[in-house]
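The values are calculated or read from the model by the stated rules, or taken from the named source; none is laboratory data. Everything numeric in this text was worked out from a predicted model, so none of it was measured. Because the Cβ atoms are built from the backbone with ideal geometry, glycine has one as well, and the counts that use them run over all protein chains shown. Note: areas computed on protein heavy atoms with side chains; ligands, DNA, RNA excluded. Shrake-Rupley method; radii C 1.70, N 1.55, O 1.52, S 1.80 Å.
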Amino acid sequence: MKDILDKIKSNKEKVPVHVAIIMDGNGRWAKKNGKERIYGHQEGTKSVKEVIRASVNAGVKYLTLYAFSKENWRRPKEEVDFLMELLIRSIESELDELKSNGIRLLVIGDTDSLPEKVKDKVDNALEETKNNDTLYLIIALNYGARWEITQMTKKIAERVKKGEIYVDDIDDKMVASHLTTAGIPDPELMIRTSGEKRISNFLLWQLAYTELYFTDKFWPEFKEADFYEAILDYQKRERRFGKISEQLKQEK
Ligand code: IPE
Ligand code: IPE
Ligand code: MG
């Protein structure tokens with residue numbers, strides 16, 4: 001483990017500043033092991049702790065975890081209730097640890113329409129960690145990119161209507177500053193576990209040039225070393241942003 005971490009760190013300028021993860025496959029992992037789906041969610045919290053620790057070790061500054069989508073409300077009520085309870089319990093049990101490790105919690109998503117109990121816990125954790133800056137841990141909670149983009153459009157339209165801005169002032173910077181991720185750099189790397197190769201309404205705007213990494217491991221199987229593997233893979237890639245390879249070599 002130390003070897004792979006040293007390797008990542010020796011390529012310091014290619015350590016991603018922001019890693020985003022679609023934590024997928026809890027249910028299938030549980031079924032595979034002859035258990036109920038909720039057992040998978042419970043075990044998944046261990047992987048969350050692993051990737052937080054790995055991010056701090058590797059020097060990643062922002063870690064975004066997709067915890068609950070706008071569409072996840074469509075699941076059976078018992079599963080949704082369990083996930084909300086798990087969230088409350090996890091915040092309760094991990095808050096001190098976050099604080100002592102200098103981790104700041106941030107949340108993106110439609111938090112206003114979360115159950116009151118969840119909202120209170122989240123708000124408290126945001127407040128309690130607000131002065132930390134070792135790692136920004138961003139939880140995508142009741143998040144959906146189409147919802148986010150629709151909100152942004154309404155906010156900008158409202159400002160035009162009020163005469164605060166002109167239509168011609170609207171550019172990509174302005175759009176980004178009206179998303180829930182305002183002020184957060186776009187992820188350089190996005191990881192999805194469980195073998196699915198789709199975005200599932202996650203960060204549609206922000207992922208425009210993100211490197212995508214897919215692994216067949218289910219989320220409860222994804223550990224610290226797997227996170228480093230993903231970063232190592234990322235470090236081998238050439239990000240061209242529309243240019244050609246020769247240009248990038250000249251710029252070096
Ligand atoms: C991801 O695992 C966790 C959430 C979406 C909350 P799933 O619950 O989607 O597990 P699978 O994909 O059904 O196996
Ligand atoms: C995406 O996983 C959402 C989260 C990980 C929170 P899903 O399991 O909900 O995605 P789909 O439905 O398979 O696309
Ligand atoms: Mg899933």
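Looking only at the range 169-219, how many residues end up being among the charged types (D, E, K, R), away from ligand 3 (no atom under 16 Å from the Cβ) and free of Cβ contacts under 8 Å to residues at least 24 places away in the same chain? Before the answer, list the steps.
The first filter runs over the range 169-219 and keeps only residues among the charged types (D, E, K, R), leaving 169, 171-173, 186, 188, 192, 196-198, 211, 216-217.
Cutting the leftovers down to away from ligand 3 (no atom under 16 Å from the Cβ) gives us 169, 171-173, 186, 188, 211.
Cutting the leftovers down to free of Cβ contacts under 8 Å to residues at least 24 places away in the same chain gives us 169, 171-173.
Residues in the range 169-219 being among the charged types (D, E, K, R), away from ligand 3 (no atom under 16 Å from the Cβ) and free of Cβ contacts under 8 Å to residues at least 24 places away in the same chain: 4 in total.
What are the residues in the range 207-252 that are within 28 Å of residue 180 (Cβ to Cβ) and in a loop (DSSP other than H, G, I, E, B), if any?
207, 208, 209, 210, 215, 218, 222, 237, 239, 241, 242
Go through the range 186-206 and give me each residue that's assigned to a loop (DSSP other than H, G, I, E, B) and more than 16 Å from ligand 2 (Cβ to nearest atom). Before the answer, list the steps.
Going residue by residue through the range 186-206, those that are assigned to a loop (DSSP other than H, G, I, E, B) are 186-188, 193-206.
Those that are assigned to a loop (DSSP other than H, G, I, E, B) and more than 16 Å from ligand 2 (Cβ to nearest atom): 186, 188, 205.
Is it the case, given these coordinates, that residue 238 is surrounded by fewer than 18 Cβ atoms within 10 Å (Cβ to Cβ) and in contact with a Leu (Cβ under 8 Å, 6 or more places away or on another chain)?
Details: surrounded by fewer than 18 Cβ atoms within 10 Å (Cβ to Cβ): yes; in contact with a Leu (Cβ under 8 Å, 6 or more places away or on another chain): yes.
It is true that residue 238 is surrounded by fewer than 18 Cβ atoms within 10 Å (Cβ to Cβ) and in contact with a Leu (Cβ under 8 Å, 6 or more places away or on another chain).
One residue is enough: does the range 160-167 have a residue meeting the conditions assigned to a helix (DSSP H, G or I), out of contact with any strand residue (DSSP E or B) (no Cβ under 7 Å at 6 or more places or on another chain) and either among the hydrophobic types (A, V, I, L, M, F, W, C) or touching a residue at least 24 places away in the same chain (Cβ under 8 Å) (or both)? Reasoning before the result, please.
Residues of the range 160-167 assigned to a helix (DSSP H, G or I): 160-161, 167.
If we keep only those that are out of contact with any strand residue (DSSP E or B) (no Cβ under 7 Å at 6 or more places or on another chain) too, we end up with 160-161, 167.
In the following step, the residues that additionally are either among the hydrophobic types (A, V, I, L, M, F, W, C) or touching a residue at least 24 places away in the same chain (Cβ under 8 Å) (or both) were identified as 160, 167.
Within the range 160-167 (the criterion being assigned to a helix (DSSP H, G or I), out of contact with any strand residue (DSSP E or B) (no Cβ under 7 Å at 6 or more places or on another chain) and either among the hydrophobic types (A, V, I, L, M, F, W, C) or touching a residue at least 24 places away in the same chain (Cβ under 8 Å) (or both)), the answer is yes, since at least one residue qualifies.
Looking only at the range 211-223, which residues are more than 16 Å from ligand 1 (Cβ to nearest atom) and closer than 15 Å to residue 65 by Cα?
Step one: of the range 211-223, the residues more than 16 Å from ligand 1 (Cβ to nearest atom) are 211-213, 223.
Those that are more than 16 Å from ligand 1 (Cβ to nearest atom) and closer than 15 Å to residue 65 by Cα: 212, 213, 223.
Can you pull out every residue in the range 44-99 that is hydrophobic (A, V, I, L, M, F, W, C) and within 16 Å of the chain's Cα centre (by Cα)?
Filtering the range 44-99 down to residues hydrophobic (A, V, I, L, M, F, W, C) leaves 48, 51-52, 54, 56, 58, 60, 63, 65, 67-68, 73, 80, 82-84, 86-88, 91, 95, 98.
Hits for the range 44-99 are 48, 51, 52, 54, 56, 60, 63, 65, 67, 68, 87.
Tell me, which residue of the range 166-186 that is farther than 15 Å from residue 109 by Cα and of a type in the set (Val, Ile, Thr) is most open to solvent (accessible area, probe 1.4 Å)?
167
Could you tell me which residue of the range 21-37 is surrounded by the fewest Cβ atoms within 10 Å (Cβ to Cβ), considering only residues that are part of a helix (DSSP H, G or I) and within 9 Å of ligand 3 (Cβ to nearest atom)? Reasoning before the result, please.
Going through the range 21-37, the residues part of a helix (DSSP H, G or I) turn out to be 26-32, 37.
When the remaining residues are screened for being within 9 Å of ligand 3 (Cβ to nearest atom), the result is 26-28.
On the way: 26: 24, 27: 21, 28: 17.
The selected residue is 28.
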